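Read the structure below first, then the notes.
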Amino acid sequence: MELGISGRRAAVAAASSGLGLGTAKALHGEGAAVAICGRDRARIEEAAAAIGPRCTPLVCDVSDAAGGEEFVAAANDALGGIDILVTNAGGPPPGNFASTAVDDYPAAIDLNLMSVVGLCKAAVPAMQERGWGRVVAITSLSVRQPMPNLILSNTARAGATGFLKTLAREVATDGITVNSVQPGSHWTKRIQTLYPGGRPEDVRMGDADDFGAIVAFLCSEQAKFLTGAQIHVDGGAYQALQ
């Protein structure tokens, strides 16, 4: 299927590996020019080389709103504008109610909520002026089904989902769609550290490249009437009806 995004300009946050990298590869494969960011120069340059010639590596830390704004500014300079924004960041430390201090919450909220706000505040107004834009946030299945021992992620990502749903309604008439994708377990470097012996046959996991293809579709011309959605990509792990 031709997605109609060849020549578009995409900024993908935290894309040196994992789901961000899979997403950047998919968008590049559809003909988009892509800017990606990570904190480590060697890793982000290696990722860009693997993606292809229309990929620009940028060193940015998107762990808070200011970092998100910095990445958008750098991507704007590199690409001449941003048509597609993919928000993404790592997860906060594990912990439950008893083990997590009150002082641990602000950093988690910065990482998984305020970074999304900063990225969108910096990128969306120009999309509104042009009358076309796509925002896709990579969040977590924990938004829909809170995960044990991940109270910080459960809390912060739920806030991001509320922000994104509100934004989707406000910019729908401007030609902009805003959706979030909620991954379950995928075979990424982060997961691989838990299975040093290799991918287990008895654990169902997705692939980052397949995940990226779903994000690319959400950025397509065909998806122009799909907005405000939270799509879980989890191989059936989520069992509720809604």
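Going by how many other Cβ atoms sit within 10 Å of their own, how do His28, His232 line up, fewest first?
Working: His28 22, His232 19.
Lowest to highest Cβ neighbour count: His232, His28.
Each part reduced to its alpha carbon centroid, the stretch 166-187 and the stretch 125-140 end up 8 Å apart.
Remind me, relative contact order of the stretch 9-233 in percent, using alpha carbon pairs under 8 angstrom and six or more residues apart?
Values: 457 pairs, mean separation 50.1, N = 225.
Once normalised by length, the contact order is 22 percent.
Where the centroid of each part is defined by its Cα atoms, how far is the stretch 196-218 from the stretch 9-49 in Å? Between the Cα centre of the stretch 196-218 and that of the stretch 9-49, the gap is 17 Å. Near Leu150, the amide H atoms lying under 5 Å from its own belong to Gly95; only residues 5 or more places off or on other chains count, and H is placed 1.01 Å from N. Remark: the stretch 106-118, residue by residue, has Karplus-estimated 3J(HN,Hα) of x, 5, 5, 5, 4, 5, 10, 10, 5, 4, 5, 4, x Hz, where x stands for each Gly or Pro and the curve is 6.51 cos²θ - 1.76 cosθ + 1.60 at θ = phi - 60°.
Can you return the lysines within cross-link range of Lys25? Criterion is Cα-Cα under 19 Å, with same-chain partners fewer than 8 residues away left out. Candidates past the 8-residue exclusion: Lys189. In terms of surrounding Cβ atoms within a 10 Å radius of their Cβ, Val12, Val143 rank from fewest to most as Val143, Val12. Excluding same-chain neighbours fewer than eight residues apart, the lysines reachable from Lys121 by a Cα-Cα span under 19 Å are Lys165. Here the simple spin-label model places points 7 Å from the Cα toward Cβ, and for Glu221 and Gln145 these points are separated by 3.7 nm.
Karplus-based coupling profile of the stretch 119-130, in residue order and whole Hz: 4, 5, 4, 7, 9, 5, x, 5, 4, 4, 5, 7, with θ = phi - 60° in 6.51 cos²θ - 1.76 cosθ + 1.60 and x standing for Gly or Pro. When +1 charges are put on Lys and Arg Cβ atoms and -1 charges on Asp and Glu Cβ atoms, the dipole computed for the stretch 9-233 relative to its Cα centre reaches about 340 debye.
Counting Lys and Arg as +1 and Asp and Glu as -1, each charge on the Cβ, what is the dipole of the stretch 124-178 about the Cα centre in debye, to the nearest 20?
Working: 6 positive and 3 negative charges, 36 e Å.
Roughly 180 debye, rounded to the nearest 20.
Classify the stretch 42-88 from the C-alpha gyration tensor, please: rounded if a/c falls under 1.5, else prolate or oblate depending on whether a/b exceeds b/c. Judged from the Cα gyration tensor, the stretch 42-88 comes out oblate (a/c at least 1.5, b/c at or above a/b). Taking amide H atoms as placed 1.01 Å from N in the peptide plane, the amide H of Asp234 lies under 5 Å from those of Gly184, each 5 or more residues away in sequence or on another chain. Across the stretch 49-60, rounded Karplus estimates of 3J(HN,Hα) from the backbone phi angles (6.51 cos²θ - 1.76 cosθ + 1.60, θ = phi - 60°) give 4, 6, 6, x, x, 9, 10, 10, x, 10, 8, 8 Hz, Gly and Pro being marked x. Residues of the stretch 87-102 with an amide N closer than 18 Å to a point placed 7 Å from the Cα of Gln239 along the Cα-to-Cβ direction: none.
Label-to-label distance, Lys189 versus Tyr105, with points set 7 angstrom from Cα along the beta-carbon direction: 3.3 nm.
Residue ranges 97-104, 214-221 sort as 214-221, 97-104 when ordered by packing (mean number of other C-beta atoms within 10 Å per residue, highest first). Near the amide H of Ala35, within less than 5 Å, lie the amide hydrogens of Ala10, Ala11, Val12, Thr56, all on another chain or at least 5 residues away, with H placed in the peptide plane. Of Phe71, Phe211, Phe225, the residue with the greatest mean-square motion in the GNM of the chain, using alpha carbon springs below 10 Å, is Phe225. With the cut-off at 1.5 for a/c, could you classify the chain from its C-alpha gyration tensor as rounded, prolate or oblate? Note, shape of the chain comes out rounded.
Values quoted throughout were computed directly from the atomic coordinates according to the rules given, and no laboratory measurement underlies them. Fair warning: this is a prediction, and the values are worked out from it, not measured in the lab. Neighbour counts run over all protein chains shown; Cβ positions are idealised from the backbone, glycine included.
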